[in-house]
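Here's the structure, in structure tokens; my notes come after.
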Amino acid sequence: MSETSQPSQFKEGDIAWMLTSTAFVWLMIPGVGYFYSGMARSKNALSLILFCFLCVPVVAMQWFIWGYSLSFSRTGGLFIGNLRNAFFMNVRGEPTLKAESLPEIVHAIYQGMFAAITPSLAIGAAAERARMLPLLVFIFVWSTLVYDVIACWIWSANGWFKTIEGLDFAGGTPVHIASGAAALAYCVVLGKRHGHGRDEFKPHNNVNVILGTVFLWFGWFGFNGGSAFGANTRAAMAIMVTNTAASFGGLAWMLMDYRLERKFSALGFCSGAVAGLVCITPASGYVSPPVSVLFGITGGIACNLAVKLKHILDFDDALDVFAVHAVGGVAGNTLLGIFADKEMAALNGEIIHGGAIDGHSIQLGYQIASSIAGLTYSFCISALILYVMDRIPCLKLRMEPDEEEIGTDETELGEPAYYFLDRVVASIQVQIASKTMSSPQQTQLQSIDHIHYS
């Protein structure tokens, strides 16, 4: 095929939609940062946003060097790709295997955003006690040994899951189950936060949580809609079911909390919306809008109940990453094995056998196998990476107890998230302490000294 003949088969509308979707997914990464930042204590707020955002340059470097090639090389194997496209060699204007209307470079940069957001999801479990340099090293190594491998299984033309006709539209296993399992490994290897079970760890800024949810929900339209690899009816359907599942997931979680607290929790709604988004992700191109309601409700309820696992099994997943992403991903994969719809897949020409509801019961087995394989592989390799790193003196994973008490913002960055507010509170405390209190009213004011802004 000559170089001059290639552009004629490309569709400018499809390219424009995919580049827009790339930007949507990029926006999700700071969204994760804001979501996690709001759920943490204020002394760790800035570092969590930065840790998530740094996944962009670290993974961009890894993706350029060999990540894309290991995941999507045309001549890769069942388990992992090769270095045919290392440093983006041979990634130019040829059509991608995903869609003949797109050049491969568009596919490469779009999938690079998936690779970047996945470790940003995982690091929430290590919040408030992880050191920055080892975290960045872990992101690079984990992306190579875990994400690229699982992405090859699921999405590469030669991957073992692809060859048995397994289904995963937008990343139930490589993104959510893989990141949830890695999060579990990270929090287990790190150990519990100091004061866990004694101190109260409450979200310091629910406005940040809502802001992060807005970015995530908005970006997820490109995450799932872009996985149709074209501006087509299937992309529209994927966006429709994504919005529906998020809505029902948020309401389901909020009502689950209401039955206990008799309060409508903003944090609960945001967590449920994300759970619904996670659950619908692998199925977003394979199910109809009515079925997506079931995905949203199941995701909201299952992930809400899964939060209790950290108490039952006694691990400190600081931001409930395992409960939302691993459990939500498994729930989505399982439901997909039942409800995969041949007609939905055919909207852009994909031919599948359907799920159990279409008489293809073996699909449920394929989806469960994907979940188990992704969960087991990601947890074991993540734990091994972390265990080895922690034995290297310069890559010690956890901060010292006194550093943890101060917070990662001051210890790792030297910059608080709320510098002005900290100064105002400190100034008020100093002024009150310098006065001689004699009246009952002054004695009452002195109680302000006991305010600890943390």
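The values are calculated or read from the model by the stated rules, or taken from the named source; none is laboratory data. This is a predicted model, so every value here is computed, not measured. Here Cβ is always computed from backbone atoms with ideal geometry, including for glycine, and neighbour counts include all displayed protein chains. These accessible areas exclude ligands, DNA and RNA; they are computed on the full protein's heavy atoms, side chains included. Shrake-Rupley method; radii C 1.70, N 1.55, O 1.52, S 1.80 Å.
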TODO: Enumerate the helices in the chain for which the Kyte-Doolittle hydropathy averages -1.0 or more and the C-alpha atoms extend at least 30 Å along the helix's axis, using complete DSSP H runs.
DONE: 12-39, 233-261, 362-390
Open item on the list: What's the magnitude of the charge dipole for the chain around its Cα centre, counting Lys and Arg as +1 and Asp and Glu as -1 at the beta-carbon? Answer in Debye, nearest 20.
Closed with: 320 debye
TODO: Quick one: which residues, 5 or more positions from THR96 or on another chain, have an amide H under 5 Å from its amide H? H modelled 1.01 Å from N in the peptide plane, none for Pro or chain starts.
DONE: LEU102, GLU104
- [ ] With the full set of protein chains in place, find how many percent of the accessible area of the chain is carbon and sulfur; take the probe as 1.4 Å.
- [x] 65 percent
TODO: Hey, can you find the accessible area per residue of the chain for me, probe 1.4 Å, expressed in square angstrom?
DONE: 41 Å²
TODO: Would you mind finding the longest exposed-site-free stretch of the chain, with exposed chymotrypsin sites (Phe, Trp or Tyr not before Pro) meaning DSSP loop and at most 15 other Cβ atoms within 10 Å?
DONE: 265-452
Open item on the list: For the chain, what does the helix formula give at 222 nm: sum of -39500 (n - 2.57) over DSSP H segments with n ≥ 4, over the residue count, nearest 500 deg cm²/dmol?
Closed with: -19000 deg cm²/dmol
Open item on the list: Quick check on segment 12-408: take the gyration tensor over C-alpha atoms, sort the square-rooted eigenvalues as a ≥ b ≥ c, and tell me if it's rounded (a/c under 1.5), prolate or oblate.
Closed with: oblate
